[in-house]
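The next block holds one structure in the form of structure tokens; read it before the comments.
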Amino acid sequence: MAESADMEQLLTSFRKFAIHGDTKATGKELNGKNWAKLCKDCKIIDGKNVTATDVDIVFSKVKQKTSRVITYEEFRRALDELGPKRFKGQSKEEALDRYLFGMIRF
């Protein structure tokens with residue numbers, strides 16, 4: 001599993017993207033627009049293995065049925081979905097810990 005410093009950085013990035021462009025946001029929930037921005041800015045979307053459509057599908061898959069936002073826990077589940085897709089040929093744990101978590105920076 002990723003080190004606690006990496007997890008702290010991941011939480012910080014989640015919060016910063018959650019409040020991006022919304023003066024009323026609390027930083028506890030991330031909307032679909034900012035989720036897509038995070039994936040694009042952090043180069044999770046590579047246009048080959050992971051596309052904008054994939055990111056939207058994963059967002060819809062992990063969020064609550066009636067919700068329009070995701071929590072940090074749902075965000076982590078979304079990364080669990082995208083990691084192996086983005087880094088094919090790597091184990092799920094290696095894709096997440098070694099590569100994906102290191103990419104997410106604000």
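Treating the beta-carbon of each Lys and Arg as +1 and of each Asp and Glu as -1, no other charges, what is the dipole magnitude of the chain about its Cα centre, to the nearest 20 debye? Walk me through the intermediate numbers first.
Numbers: 21 positive and 16 negative charges, 89 e Å.
So the dipole magnitude of the chain works out to roughly 420 debye.
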(message) Please list 3J(HN,Hα) in residue order for the stretch 5-18, calculated via the Karplus relation 6.51 cos²θ - 1.76 cosθ + 1.60 where θ = phi - 60°; whole Hz, with x for glycine and proline.
(response) 5, 5, 5, 5, 5, 5, 5, 4, 5, 4, 4, 5, 5, 5
(request) May I have the count of lysine pairs in the chain with C-alpha atoms under 12 Å apart, counting pairs 8 or more residues apart or located on different chains? (result) 4
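If I stretch the segment between Ile57 and Glu94 completely, what's the gain in nm (0.36 nm per residue apart, minus their alpha carbon distance), one decimal? Let's see the in-between values first.
Numbers: separation 37, 0.36 × 37 = 13.32 nm, distance 2.29 nm.
Taking Ile57 through Glu94 to full extension adds about 11.0 nm, to one decimal.
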(request) Work out how much length Asp46 to Ser67 would gain on full extension: take 0.36 nm times their residue separation and subtract the Cα-Cα distance, in nm to one decimal. (result) 4.8 nm
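Just so you know, all these numbers are worked out from the coordinates, no wet-lab data involved. Computed from a prediction, not measured in an experiment: that's the story for all the values here. Every residue, glycine among them, receives a Cβ derived from its backbone with ideal geometry; neighbour counts consider all protein chains shown.
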